[in-house]
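The values are calculated or read from the model by the stated rules, or taken from the named source; none is laboratory data. All of these numbers come straight from a predicted model, not from anything done at the bench. Cβ placement follows ideal geometry from the backbone for every residue including glycine, while neighbour counts extend to all protein chains displayed.
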Amino acid sequence: MTQSAAGTEQFGRVAVLMGGDSAERDVSLKSGQAALNALLRKGVDAFELDVHFKQTESGNICEQIKNAAFDTAFIALHGRGGEDGIIQGILEALQIPYTGCNVPASAIGMDKLRTKLLWAGFGLPTPAFEVIKATEISSENTEMMQGRLNAIGDKLGFPVMVKPAHEGSSIGMNKADNIAELTQALSTAAQYDSEILVEQWVVGQEFTGAVLHSQALPLIRLETPRDFYDYQAKYLSDDTIYHCPCGLDKAQEEQYQILVMQAFECVGASGWGRVDFMCDEQGQPWLIEINTVPGLTDHSLVPMAARQNGIEFDELIYRILQTSARHD
């Protein structure tokens, strides 16, 4: 039996879940379309399903999924609803197999604060940070807030990275070089989230480590003329440089790959995903975040790492589909 025929038989009718209602909707639509086209080329009986977590004329999310009548879900949803355990929980309740991480790992991975707390608890390196509640940021709390920001500046030093705790694709993230910029960055982040991370800035090189079926793929080193690898650098800019091979010697890369797997497994992640980290000027790695449904666009990193390992895009998508076979 050919792989295509076996794929159709094993997975039945496959819905590629894309779109959603998060701030990453546009990226998700691109990822989903790329995945759908790859599955079709592989001979899988797949179709597009643009899901909405808000009530629509088609009903609520559960009704949308039940009415679509499919056997397996390929999750290409980024951000809230699709990457935080919600869609995973719905699919489990409906007893529909799905790709990627289970409910707990998805929920933790989407939460930058809880992920960092877990990593720190397991002794894994991650930059120092402070947490600000969006409710703290108001004109009524100006004097109290100023004292808080001064204390954060004294503890973490400047610059710092400010990011919403539950967003992806660098949405709402900004670098702050002083108290005034920190105040503005917090106001921006508060538009996206109720919890905001203020993180110690790491000077050094930026890396990402993809994981597929419990194997760390070749690392990618990122270079951008921008302050950091932001939304513009990820999806729109043509001057971002991706080094794969990453330029490290074999022993050093293997050491960092071990850290990637430790960080991945620490949150209970499985199937596929990506761990981002920085290396400071002394070569010390610092874990930044985990992505449990990384992008699959033409600028995306997991396909690039897979290709370096001899796995072309269509085969990568098929292997991701195979992760739907196991959820305990």
If you go through GLU253, GLU281, GLU265, the only one that is at pLDDT 95 or above, exposed (fewer than 15 other Cβ atoms within 10 Å of the Cβ), over 22 Å from ARG25 (Cα atoms) and not assigned by TED's automatic domain parsing to the domain that holds GLU83 is GLU265
Note: among LEU186, LEU212, just one is within 20 Å of SER300 (Cβ to Cβ), modelled with pLDDT of 90 or more, crowded, with 17+ Cβ neighbours inside 10 Å and aliphatic (A, V, I, L, M), namely LEU212
Hey, ALA38 at pLDDT 90 or above, in contact with a Phe, Trp or Tyr (Cβ under 8 Å, 6 or more places away or on another chain), part of a helix (DSSP H, G or I) and more than 30 Å from ALA151 (Cβ to Cβ) or not: yes
With criteria (1) modelled with pLDDT under 95; (2) more than 25 Å from ARG114 (Cα to Cα); (3) not in a loop (DSSP other than H, G, I, E, B), LYS234 comes up short on (2)
Only one of (1) in a loop (DSSP other than H, G, I, E, B); (2) closer than 17 Å to GLY295 by Cα does not apply to PHE74, and that is (1)
Counting only residues in region 19-43 that are touching a helix residue (DSSP H, G or I) at 6+ places or on another chain (Cβ under 9 Å) and free of Cβ contacts under 8 Å to residues at least 12 places away in the same chain, the one surrounded by the fewest Cβ atoms within 10 Å (Cβ to Cβ) is identified as ASP26
Taking the criterion of being crowded, with 17+ Cβ neighbours inside 10 Å and part of a helix (DSSP H, G or I), would at least one residue in region 44-60 satisfy it? no
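Residue by residue, here is whether (1) in the same structural domain as GLY82 (by TED's automatic domain parsing); (2) more than 26 Å from GLY81 (Cα to Cα) holds:
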residue	(1), (2)
ALA93	yes, no
LEU113	no, no
LYS116	no, no
TRP119	no, no
LEU156	no, yes
GLU167	no, no
ASN178	no, yes
GLU181	no, yes
Of the listed residues (GLY100, GLY147), the one being touching a residue at least 12 places away in the same chain (Cβ under 8 Å) and of a type in the set (Gly, Ala, Ser) is GLY100
